[in-house]
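Only one structure is covered here, and it is reproduced in the block below.
The values are calculated or read from the model by the stated rules, or taken from the named source; none is laboratory data. The shown structure was predicted, so the numbers you read here are calculated from the model rather than taken from an experiment. Backbone-built Cβ (ideal geometry, glycine too); neighbour counts: all protein chains shown.
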C-alpha cells in the first residue's frame, strides 16, 4: 500500500513540475528555453473577450505567416482557455516576464508599413515584442481560417447551451417548417455610441437591421433571427413587432457561442461583433460605412483581406 502511495505521490509531483516548470526554473534563476528565440512575440491581453480573441488570432497568425515564436500571455490564457479549451499556443513562462518591447501607436515607425509584419520579418532586429492596441490583423490569420476555427472552438458546455437555446427557439416556431435558417444578429451599443464618433461616424440604427433582415427573408424561406446585444432592453423594445426575432440575454461567451452556432449573421461594429460573424461559417452582413481612419469593418479593408463571405448593406 505504501509503495502505491509513493508512486502516486511521485506522479503528482512530476505533473505539478511540468505544469509549472517555468516557475520552478525561475526560482533557480534559469531561463526557460521558450524564451530564447532571436525573435519572440506575445500580446498584452488588454480589453474584453472580442479584443482578446483578436490579439490571440493576430499573434497566432504572426507565428504561422512568419514562422516566428509566439507565446500566450498567462492573463490571456486564463481569459480564453476556459472558453476555447483547444488553444494550441504555449503559455508564456514566468521566467520570461521582462525585457519586452511594446509595439503600439507610441512606437515610432513609418505609417505606411505594418509594424507587426516588419518586426516578424526581422526588420526591427532580434528581440522580444509585445503586441499592443488590441490588434485584429485579418491578413495574418484569415489565410489559415480553417485551422483558426479549430483553435477557437467553444467548450463542450458552451456548445451544448447554445444548441439548447436554438432548439428551444425552434420548438416555438409555428407550423414547424421543414427547414429553419438561423441568422445571428449582434447589436453593439452602450460605450460604442460615443467611441465610434472618433471615426466620424455613428452606430447603426434600426433601419440597417431591418434592411439586413429583409435581405435574408428574400434569400431563405424560413429565417429565424437570434438577437444579442449589450443593450438587450433596446432590442426587446425596438424589435418587438417582428415575430421572427428572438432576443437572448446571456453572458458574453454564451451570446457569442449562440450567434456563432447560427447559419448566417448580421453584425454591427466592434471586434466582438466581428467574431460572432467570423466564427459562424455562413454569410455575414455588415454595415456599409465610411470611416475617417483605418477600421476593421471598413468595406475596403474587408475586400482587401478577401473576406468574401462578408456582404455590406447600406447603413
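Filter region 154-168 for residues that are surrounded by fewer than 17 Cβ atoms within 10 Å (Cβ to Cβ) and within 18 Å of the chain's Cα centre (by Cα) and give the result. It would help to see each step written out before you state the result.
First, the residues of region 154-168 that are surrounded by fewer than 17 Cβ atoms within 10 Å (Cβ to Cβ): 155-157, 159-160, 163-164, 167-168.
Correct list: 155, 156, 159.
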Working only within region 226-272, note down all residues that are without any contact (Cβ under 8 Å) to a residue 60 or more places away in the chain and touching a helix residue (DSSP H, G or I) at 6+ places or on another chain (Cβ under 6 Å). 227, 228, 229, 238, 247, 249
Within region 168-189, is even one residue over 22 Å from residue 282 (Cα atoms), at pLDDT 95 or above and assigned to a loop (DSSP other than H, G, I, E, B)? yes
Test residue 223 against the stated conditions and say whether it is within 23 Å of the chain's Cα centre (by Cα), at pLDDT 95 or above, farther than 30 Å from residue 82 by Cα and buried (at least 18 other Cβ atoms within 10 Å of the Cβ). no
So, in region 294-315, how many residues would count as being assigned to a loop (DSSP other than H, G, I, E, B) and without any contact (Cβ under 8 Å) to a residue 12 or more places away in the chain? 3
Of all residues in region 93-104 being closer than 11 Å to residue 42 by Cβ and touching a helix residue (DSSP H, G or I) at 6+ places or on another chain (Cβ under 6 Å), the one that is modelled with the highest pLDDT: 103
Within region 50-67, the residues that are under 17 Å from residue 102 (Cβ atoms) and in contact with a strand residue (DSSP E or B) (Cβ under 6 Å, 6 or more places away or on another chain) are 55, 59, 62
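Please go through region 61-88 and give me each residue that is touching a residue at least 60 places away in the same chain (Cβ under 8 Å) and either assigned to a helix (DSSP H, G or I) or under 18 Å from residue 135 (Cα atoms) (or both), ordered by number.
So in region 61-88, the residues touching a residue at least 60 places away in the same chain (Cβ under 8 Å) come out as 61-62, 64-65, 82-88.
The answer is 61, 62, 64, 65.
In contact with a strand residue (DSSP E or B) (Cβ under 9 Å, 6 or more places away or on another chain), without any contact (Cβ under 8 Å) to a residue 40 or more places away in the chain and in the same structural domain as residue 272 (by TED's automatic domain parsing), is that true of residue 217?
Taking the combined requirement at face value, the residue satisfies it.
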